[in-house]
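Participant: I am attaching a structure below and will ask some questions about it afterwards.
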Amino acid sequence: MTEPATRSSEPLILTLDAGGTNFVFNGIKGGALVLHAGVVLPAESRNLKRSLDNLVRGFREVCERTRGLGPPAAASFAFPGPADYRAGVIGPLENMPAYGGAVPLAATLRDALGLPVFVNNDGDLFAYGAARHGELRELNGALEARGSPRRLTSLAGMTLGTGWGCGFVADGVMFTGSSSTGMEIGACPYVDGRAIEETASAGGLVRLFREELGAVPFPFDADEPGLPQRIAALARGKRAAAVPAAERAFRRLGEALAFGLNWTIGLLDPDLVVLGGGLAGAWDLVAPHALAHARSAHVSGRARGYKRLFDLGDEAEREEFLRDETAVMQGKKTGIARSRLATDEAIMRGAYDFALRALGMDAPSGGVPSA
């Protein structure tokens, strides 16, 4: 049996990493996973009964393994959408055909486990975790340490991977919209007529790379896993014939990301934009192009936005972002950073804090005002 990793006095919350192939179950207590290795069961993405049975089985197994930590207070996790997250109703899902209609996931688990169940979008939980435990908390601590009265209160989170997940938190509250579809920026049209996440995503990067190769042979097995990482390694190299194509692919991906950044910042006016997901590992290749394009002007010469954008990975720009300004326009700032929390950790922490707030046992916000 796997031993619990922590025995703090905080509530135990059951959680889940829901993928199209596997479900990985665990528990959270005191902001940390309690099992060194989670319970892994097949997602059974083409058979609804088996999929739901495995969800119940996995959570019950976590309860069994964590008996010494006391009874769980709730289950809280992210699940693919589209969904009515408030009602906990899922589907239809492209990558999980079993969920082909309105599946009452939360009610099913609530009845089986006898616990409150909270289901949310992964992009929303990523933003919530990053706001309460990541960059927002860290930067507010830096402002307080220098005696500044200024505080950052809003964060847009973006995860770039298979798709483009987005979330927004303002004044400690996770924004979901009126029907659980808020911040679905990835589905919005890009300038080439595609959905923007068809370009700013792992699959988009592979497509861009193929287009940029032209007559140069594709240097990898088309079916091998980790193609975005292989393309990134190629772009950082200097010898292979495909290097220029890899560099141009990242430039085009950065321009697509800038398109979404400008829309998000213009609409929501966040203090911070934090990037996570698998492609965040190539932030060094994406950021220069994304920031340069986001800061550029339209063909008419008009600026793409009113706010000044800062790369928080650059020490000089971070210092300028933290500096208090007296001029009105100089004070309009948005910082852009790669998440210091791993994406799954930010989502996990967001799920934990969401459950505690819903149960009236809110965790410390780490500098994020509570509404």
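The values are calculated or read from the model by the stated rules, or taken from the named source; none is laboratory data. As the structure is a prediction and not an experimental result, all values here were calculated from the model. Here the Cβ is made from the backbone with ideal geometry for all residues, glycine too, and neighbour counts use every protein chain on show.
Participant: Output the number of the condition that A240 fails; it satisfies all remaining conditions of (1) crowded, with 20+ Cβ neighbours inside 10 Å; (2) touching a Pro at 6+ places or on another chain (Cβ under 8 Å).
Facilitator: Here A240 meets the rest and fails (1).
Participant: Is there a residue being free of Cβ contacts under 8 Å to residues at least 60 places away in the same chain and touching a Phe, Trp or Tyr at 6+ places or on another chain (Cβ under 9 Å) anywhere in segment 270-281?
Facilitator: No, segment 270-281 contains no residue that is free of Cβ contacts under 8 Å to residues at least 60 places away in the same chain and touching a Phe, Trp or Tyr at 6+ places or on another chain (Cβ under 9 Å).
Participant: Residues G305, G237, G301, G313: which one is under 20 Å from the mean Cα position of the chain (by Cα) and either modelled with pLDDT under 95 or on the phi > 0 side of the Ramachandran plot (or both)?
Facilitator: That would be G313, the only listed residue that is under 20 Å from the mean Cα position of the chain (by Cα) and either modelled with pLDDT under 95 or on the phi > 0 side of the Ramachandran plot (or both).
Participant: Exactly one condition in (1) over 25 Å from I265 (Cα atoms); (2) among the aromatic types (F, W, Y); (3) at pLDDT 95 or above is not met by Y99; state its number.
Facilitator: Y99 satisfies every listed condition except (3).
Participant: Which residue is surrounded by the fewest Cβ atoms within 10 Å (Cβ to Cβ), if the candidates are limited to segment 300-337 and must be acidic (D, E) and without any contact (Cβ under 8 Å) to a residue 12 or more places away in the chain?
Facilitator: Checked segment 300-337; the qualifying residue surrounded by the fewest Cβ atoms within 10 Å (Cβ to Cβ) is E315.
Participant: Do you know which residues across segment 240-253 are modelled with pLDDT of 90 or more and in contact with a helix residue (DSSP H, G or I) (Cβ under 7 Å, 6 or more places away or on another chain)?
Facilitator: Scanning segment 240-253 gives V243, A245, A246, E247, R248, A249, F250, R251, R252, L253.
Participant: Does G281 satisfy the criteria of being part of a loop (DSSP other than H, G, I, E, B) and closer than 23 Å to G186 by Cα?
Facilitator: No, not satisfied.
Participant: Please count how many residues of segment 217-245 are among the small types (G, A, S), touching a residue at least 12 places away in the same chain (Cβ under 8 Å) and more than 22 Å from A294 (Cβ to Cβ).
Facilitator: Adding up the residues that qualify gives 4.
Participant: Another question about this same structure. P288 passes all but one of (1) part of a helix (DSSP H, G or I); (2) more than 23 Å from the chain's Cα centre (by Cα); (3) surrounded by fewer than 23 Cβ atoms within 10 Å (Cβ to Cβ); which number fails?
Facilitator: (2) is the only condition that P288 fails.
Participant: Any idea which of A142, A106, A131 is surrounded by 22 or more Cβ atoms within 10 Å (Cβ to Cβ), outside any loop (DSSP other than H, G, I, E, B) and assigned by TED's automatic domain parsing to the domain that holds P270?
Facilitator: A131 is the lone residue from the list that is surrounded by 22 or more Cβ atoms within 10 Å (Cβ to Cβ), outside any loop (DSSP other than H, G, I, E, B) and assigned by TED's automatic domain parsing to the domain that holds P270.
Participant: Okay, moving on. Out of G177, G203, G186, G182, report the one residue that is at pLDDT 90 or above and not hydrophobic (A, V, I, L, M, F, W, C).
Facilitator: Result: G203 is the single residue among G177, G203, G186, G182 that is at pLDDT 90 or above and not hydrophobic (A, V, I, L, M, F, W, C).
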